[in-house]
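> My questions will all concern the structure given below.
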Amino acid sequence: MPALTVQIRYAASTMVVCTALVASALGAQASATHATHAMSTMQPSDAMVASWRTFMKPTDAVLKKKLTPLQYSVTQHDDTEMPYRNELWDNHDAGIYVDVVSGEPLFSSLDKYDSRTGWPSFTKPLLAANVKTKNDPSLGADRTEVRSMRANSHLGHVFDDGPKPTGLRYCMNSAAMRFIPASRLAAEGYGEYAKLFAAK
């Protein structure tokens, strides 16, 4: 009997400990869920509004955590996403496209057109000062690579087979950009560009 009593007490103590651990884990999960929801509904602060202008590129380790694997491989290792199987190639909404790393404004929907290539294409940048070009001989032919100025993200390439008035085709990777609808420009710190779509 004494041995049985000890076993019963031990089992009861174990159940109490397990119950406490489960309750603690559930509490932590609830707190994390609440924090995630709060972050997702948070409105941009003044610091966030100005962040792209004062952007400092983080370390590679930080970028790996911040970006999706595709975003990371495209922007940091010059990869190219699949045509027609990307987020923005067929986007016809009004708004601007910003660098997925820095947030710097790159292109406008007003200059976007269907190049029949399966990648988002533009006739010109929204701000020429936010993009830079360099020669790219990687495929055995000279191409002109397009990169963002502040983040130095690989964006895509520019070709001289585009429509008028520029005759250029900025063939970009969706994974290198984030689209901001015209209705969200002011809220996300890009209010200066809202006037572009005011009469549209």
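The values are calculated or read from the model by the stated rules, or taken from the named source; none is laboratory data. Everything numeric in this text was worked out from a predicted model, so none of it was measured. Cβ coordinates were reconstructed from backbone atoms using ideal geometry, including for glycine residues, and neighbour counts include every protein chain displayed.
> So residue 183 fits all but one of (1) of a type in the set (S, T, N, Q); (2) surrounded by 15 or more Cβ atoms within 10 Å (Cβ to Cβ); (3) farther than 30 Å from residue 64 by Cβ; what number is the exception?
In the conditions (1) of a type in the set (S, T, N, Q); (2) surrounded by 15 or more Cβ atoms within 10 Å (Cβ to Cβ); (3) farther than 30 Å from residue 64 by Cβ, residue 183 misses (2) alone.
> Restricting attention to segment 80-90, which residues are surrounded by fewer than 16 Cβ atoms within 10 Å (Cβ to Cβ) and among the acidic types (Asp, Glu)?
The answer is 87, 90.
> Next up: Are there strands (runs of 3 or more DSSP E) fully within segment 58-164 with at least 2 residues that are among the β-branched types (Val, Ile, Thr)? List them.
On the way: elements: 95-99, 105-108, 131-136, 143-148, 154-159.
Hits in segment 58-164: 95-99, 131-136, 143-148.
> Here is a further query. I'm told residue 186 meets every condition in (1) within 22 Å of residue 82 (Cα to Cα); (2) touching a helix residue (DSSP H, G or I) at 6+ places or on another chain (Cβ under 6 Å) except one. Can you identify the failing condition by its number?
The number of the failed condition is (1).
> Further question: Look at residue 189 and say whether it is touching a Cys at 6+ places or on another chain (Cβ under 6 Å) and in contact (Cβ under 8 Å) with a residue 24 or more places away in the chain.
no
> Using the structure shown, decide if residue 167 is exposed (fewer than 14 other Cβ atoms within 10 Å of the Cβ), of a type outside the set (S, T, N, Q) and either at positive phi or part of a strand (DSSP E or B) (or both). So that I can check it myself, show each step before the final result.
Numbers: exposed (fewer than 14 other Cβ atoms within 10 Å of the Cβ): yes; of a type outside the set (S, T, N, Q): yes; either at positive phi or part of a strand (DSSP E or B) (or both): yes.
So residue 167 fits the description; yes.
> Output yes when any residue across segment 124-139 is out of contact with any Cys (no Cβ under 9 Å at 6 or more places or on another chain), among the polar types (S, T, N, Q) and more than 21 Å from residue 71 (Cα to Cα), and no when none is.
Checking segment 124-139: at least one residue is out of contact with any Cys (no Cβ under 9 Å at 6 or more places or on another chain), among the polar types (S, T, N, Q) and more than 21 Å from residue 71 (Cα to Cα).
> Next up: In this structure, does residue 147 turn out to be in contact (Cβ under 8 Å) with a residue 40 or more places away in the chain and of a type in the set (Lys, Arg)? Before the answer, list the steps.
Details: in contact (Cβ under 8 Å) with a residue 40 or more places away in the chain: no; of a type in the set (Lys, Arg): yes.
Judged against the criteria, residue 147 is not a match.
> Follow-up. Considering each residue of segment 155-171, count those that are of a type in the set (Gly, Ala, Ser) and under 12 Å from residue 122 (Cβ atoms), and give that number.
Counting residues in segment 155-171 that are of a type in the set (Gly, Ala, Ser) and under 12 Å from residue 122 (Cβ atoms) gives 2.
> Further question on the same structure: Please state which of the following conditions residue 115 fails to meet, knowing it meets all the rest: (1) surrounded by 14 or more Cβ atoms within 10 Å (Cβ to Cβ); (2) closer than 18 Å to residue 70 by Cβ; (3) without any contact (Cβ under 8 Å) to a residue 60 or more places away in the chain.
(2)
So that you can scan it fast, the table gives a plain yes or no per residue for (1) modelled with pLDDT of 95 or more; (2) touching a Leu at 6+ places or on another chain (Cβ under 7 Å):
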| residue | (1), (2) |
| --- | --- |
| 84 | yes, no |
| 90 | yes, no |
| 119 | yes, no |
| 123 | yes, yes |
| 139 | no, no |
| 150 | yes, no |
